[in-house]
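Report on the structure given below.
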Amino acid sequence: MIDFQDVSVAYAGESRPALSGATLHVDEGELVLVVGPTGSGKSTLLRCINGLVPHFSGGLLTGQVLVGGRDTRTHRPRDLADLVGFVVQDPMSGFVTDTVEDEIAYGMEALGVDPLAMRRRVEDALDVLGLADVRDRPLRSLSGGQQQRVAIAAVIAAGPRILVLDEPTSALDPVAAEDVLAALHRLVHDLGMTVVMAEHRLERVVHHADSIILVEDGRVSALLDPAEAMVTSPVHPPVVSLGRLLHWQPLPLSVREARRRASQVRAQLAALPPPGFDDPATSARSAKRHSGSGSVPSGPSDSRPSGTGLASGECVAATTGLTVRRGQVTALTAVDLTFGSGEITAVMGRNGAGKSTLLAALVGELPRQRGRVTVLGLDPAGLEPQARCAAVGLVPQDPDLLLYADSTGAECRSADADFGCDPGTTAALLTRIAGPVPPERHPRDLSEGQRLALALAIVLAGGARVLLLDEPTRGLDYQAKARLVEVLRELAAEGHTVVLATHDVELVAEVAHRVVVLADGEVVTDGPARQVIAGSPAFAPQVAKIMHPIPYLTVDDVCRALTPAS
Amino acid sequence: MIHPVAWWAWGVGLATAAAHTTNPLLLVLVVLVAGWAVLERREVGALDAFRPFLFIGLAAVALRVTMAVILGNGVGGSVVIVDLPRLPLPSWLAGLRVGGPVTLESVLAAAVDGMRLAATLACIGAANALASPKRLLRYAPATLYDIGTAIVVALTFAPQLVELAGRVRVARRLRGHTGRGPRELARLVVPVLAGTLERSLELAASMESRGYGRLPVRTGRARWLGSILALVGTAGTCAGLYGLLSPSVGGWLGLPTLVAGVALAAASLVLGARREVRTAYRRDPWRAPEWALALAGAAAAGVFVVGDGSGWAGMALQSTPLAWPELPLLAAAALAVCLSVIALTPVPPRLAAARARTASAA
């Protein structure tokens, strides 16, 4: 179905080729996962399949790409539209029309499908992706998961045999991601479509894949068996790390397979004292001022303990009876929360549950209906921007919003000037967080991880005691994520208060002391991370699912428990 | 769903009517009719274009009155409200005066002139709110498809630009700036434009990979003919509409130019449509309510144009000597028809659902 013969792609002004010597062959009806660190050439590879590279992007392509027998050199993307469907990373930016039905019909109208057939195919697409009940809704009013499914429906309605997706679940909460993946699974298994997708959140997708293509520095592997690929892959999900740690052969890729293999380990772990006394997530805090608050109380979780981590830390930020409306919708209803110093809190919940609203309210950016917000005893909304930055800082979902200069060095200097701190402060912070970053590089040319680090460094340069991060791991690969985890732990150990709004359960398992779950703008759960996420079907990380009912959250937890203390 | 062309015919008809009277009573009635339609038939979540258009209109009234007070507008009058000190001007600016006596008549004439513009704008705003221009563009014929697409992209990105500008401003504040003032505004330009450009490229990539622009190759002569017909036709239509809408230009330019322009444009459209490969999904049907809306709009426009042309009493505000305007019955009746046809159209589904919820809650 898809044939790459010695394909190389070089963009103008780049010293290294974006793709070099890719030769691969994908058969019909396969679900292929493209795996690699950020900036390794995954997107270029995907865009070669429907001819966006080089017809749309520019650059020089050598070798040959044959898709369903058509050569992309002579066929433009629009000439392949009936064969290849391409779903861009952010569905909202790819939508052409206003409503679900019109969007699904758009591609077929362009292809000139007969109106009667079109009517039938729109209905089919609505059914296959479970969108029938939102068919006449405006696209903007849909949730992220629904938007992603509309984008897929819009593409498959035109009847392509190949579907190419760039990070289809990165922006979604775990349940919405499951919906999208289930729909893709159905397309492959019932309709025999060929699916090629790139995704960073491997824990969500790797067990769905029939084969894997590893991409690193533009070098592309042939199609590999997923289990074999995961033995050597530099990026891999926790279940694979666990399998590697325990020397399981062949490597399990799904929680189900791993659980079957793990019965012996579970018995072994059950005999040990429960985890948490030496909790890696809380060790930073307990080392600083240990009072036992990090350990897990036995007893069922109380749904509203006020600030579990507060027993030892002073209260730095708080909301009382906070109610925020956004347009017609009440985004937050009577939220009472307190955040202590040195505490890392993860705010979780569905897309649209009010996570971002909570962060925006904490930084004083949204008008409130009722209630109070205090940070270091002051209301951030009433502070001058400078004074506010010294109290509380927010790294927005899209860190690019904080970046204006045309080089990283200039960005750091302007941040120093903005906050009136000594020259070099921001640059030093950046080096501490991300290691050496070339100062002449344009911020937009940095990797996702480096951009996030730069935004974080700027916020820290303002001197913020309270750090708010909105979806920090979107688009981060595992290495960048591991670095982020270290940085957050260090910051918490220094006494910063960290609040994360995130869908990434693995990140929460690694780093959070405490988890707050929001639903429809209300706090439904607030408790120690281990208690809240270990037992939750939606928010449990992979290791917790494998080790259930013993509350181990991360591979590190297991590793520590199994290696005798030295 | 009501056919978008029907709402636009109704709205443009009302706008034409408003452009042909300076009777403040009639103008207020026109705005009330348009506003009522928006209140009753705007779908939940649809763009609320009525309010901004109305604000622009009110700003126009204020501007015209201010200009009339300061510069005068050539309307004499005997009732002097205030006598402003007159600015002495050099002799070569003899035609211009700044300051001087301000008469009630001239202020009223300016206000009514502004109101006419405001009412016209309000009608267009109402049409915008009732049927999104994007839906209207689906009915644009193939020849205009490229222009139509450009307009669609522009319509999509104007709101996104505003949204992005808001987010960038918030981000500026996160970096310790106020986000206000001209210097700050200048700082916003680069990130906002860069972000919007990136999104436009993403949209273009998406449209390209979904088969946009798969038109067959047309022969040179047919394309030339089509383009020339379309250009001349469009120019003729615009000139005709201008003549019809602004009574000051005079009658000869109006109707005949419009008819000729429309005919030429139609010919170019037919020529283009023969080579059409696109197909259309679920066109809205054109039924009785659509006929009623379009005819009511046309009737209002017709009555006002005729009334204005043949100088019925009350169509224009009589300013010298000043008199309380009377209400021309036929014109008022035409507006009543425009109002009553709204009742024939169905309430949009989500608005109806929202109302049912409110009713059951109460």
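Rule-based calculations on the coordinates, nothing more; no lab input. As the structure is a computational prediction, the values presented were derived from the model and not from experiment. Positions of Cβ are backbone-derived with ideal geometry, glycine not excepted, and every protein chain shown enters the neighbour counts.
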Calculated FRET efficiency for the pair A:D520/B:S310, C-beta based, R₀ 51 Å, to 0.05: 0.20
Label-to-label distance, nm, for residues given as A:Q5 and A:Q479 (7 Å Cα→Cβ offset): 3.4
Fewest-first sequence of B:L244, B:L32, B:L25 by Cβ atoms within 10 Å of each Cβ: B:L32, B:L25, B:L244
In order through the range A:173-190: 3J(HN,Hα) via Karplus (6.51 cos²θ - 1.76 cosθ + 1.60), integer Hz, x for Gly, Pro: 6, x, 6, 4, 5, 4, 4, 5, 5, 4, 5, 5, 4, 5, 4, 6, 7, 8
Amide proton proximity set for A:R370, modelled H, under 5 Å, gap of 5+: A:T323
Cut-off of 10 Å, at most 16 other beta carbons, DSSP loop: longest stretch of chain B lacking such chymotrypsin sites (Phe, Trp or Tyr not before Pro): B:140-285
FRET efficiency, B:V190 to B:A280 (Cβ-Cβ, R0 45 Å, nearest 0.05): 0.65
Net lengthening on full extension, A:A381/A:A493 (0.36 nm per residue, minus Cα-Cα): 37.6 nm
Alpha-carbon centroid distance for the pair the range B:160-184 / the range A:229-253, whole angstrom: 46
C-alpha long axis of helix B:50-71 to longest principal axis of chain B, angle in °: 30
Ordering of A:93-104, A:250-261, B:343-354, A:474-485 by burial proxy (mean other Cβ atoms within 10 Å per residue, highest first): A:93-104, A:474-485, A:250-261, B:343-354
Peptide A:101-113, shielding by other chains (average Cβ, 10 Å cutoff): 5
Burial ranking of peptide ranges B:112-118, A:406-412 (average Cβ count within 10 Å, highest at the top): B:112-118, A:406-412
HN-Hα J in Hz across the range A:151-161 - Karplus 6.51, -1.76, 1.60, θ = phi - 60°, x for Gly and Pro: 4, 5, 4, 4, 7, 6, 4, 6, x, x, 9
B:V102 long-range amide H proximity, modeled H, under 5 Å: B:I81, B:V82, B:D83, B:L84
B:A288-B:L32 pseudo-label distance in nm [points 7 Å out on the Cα-to-Cβ vector]: 2.8
Value of [θ]222 nm, deg cm²/dmol, for chain B, DSSP H segments ≥ 4, -39500 (n - 2.57) each, nearest 500: -23000 deg cm²/dmol
Net charge of neighbours whose Cβ lies under 10 Å from the Cβ of A:G29, counting Lys and Arg as +1 and Asp and Glu as -1: -3
Gain in span if fully extended, B:I70 to B:E198, counting 0.36 nm per residue against the direct Cα distance: 41.4 nm
Burial ordering of A:T62, B:T234, A:T357, fewest other beta-carbon atoms within 10 Å first: A:T62, B:T234, A:T357
Average beta carbon contacts from partner chains per residue of A:387-400, 10 Å cutoff: 3
Per-residue average of Cβ from other chains inside 10 Å of A:85-93: 4
Between the range B:81-132 and the range A:155-178, the Cα center-to-center distance that results, in Å: 57
Karplus-derived HN-Hα couplings along the range B:8-17 (A = 6.51, B = -1.76, C = 1.60, θ = phi - 60°), whole Hz, x at Gly and Pro: 5, 4, 4, x, 5, x, 4, 5, 4, 4
Gap separating the Cα centres of the range A:386-448 and the range A:18-63, nearest whole Å: 32
Residues B:S209, A:S15, A:S40, A:S356 arranged by fewest to most Cβ contacts within 10 Å: A:S15, A:S356, A:S40, B:S209
Residues in the range A:102-124 reached by a label modelled at B:R223 [backbone nitrogen below 19 Å; 7 Å Cα→Cβ]: none
Listed residue (A:V205, A:L45, B:L258) projecting farthest to the positive dipole end of the protein assembly as shown, Cβ model: B:L258
Low-density loop positions, GluC sites (Glu not before Pro), the range A:433-501 - DSSP coil, at most 12 other Cβ in 10 Å: A:E440, A:E494
As computed over the protein assembly as shown, the Cα convex hull volume per residue (Å³): 221
The protein assembly as shown - share of DSSP beta bridges that are antiparallel (%, nearest 5): 55
Built amide H within the under 5 Å cut-off of A:E343, gap 5+: A:V498
A:D27/B:I151 FRET efficiency (R0 35 Å; Cβ-Cβ; nearest 0.05): 0.20
Estimated dipole of the range A:2-235 in Debye, rounded to 20 [Cβ of Lys and Arg +1, of Asp and Glu -1, Cα centre]: 500
Gain upon complete extension [B:L89, B:R357; 0.36 nm per residue less C-alpha separation]: 89.9 nm
Relative contact order %, chain A, counting alpha carbon pairs below 8 Å whose residues are six or more apart: 14
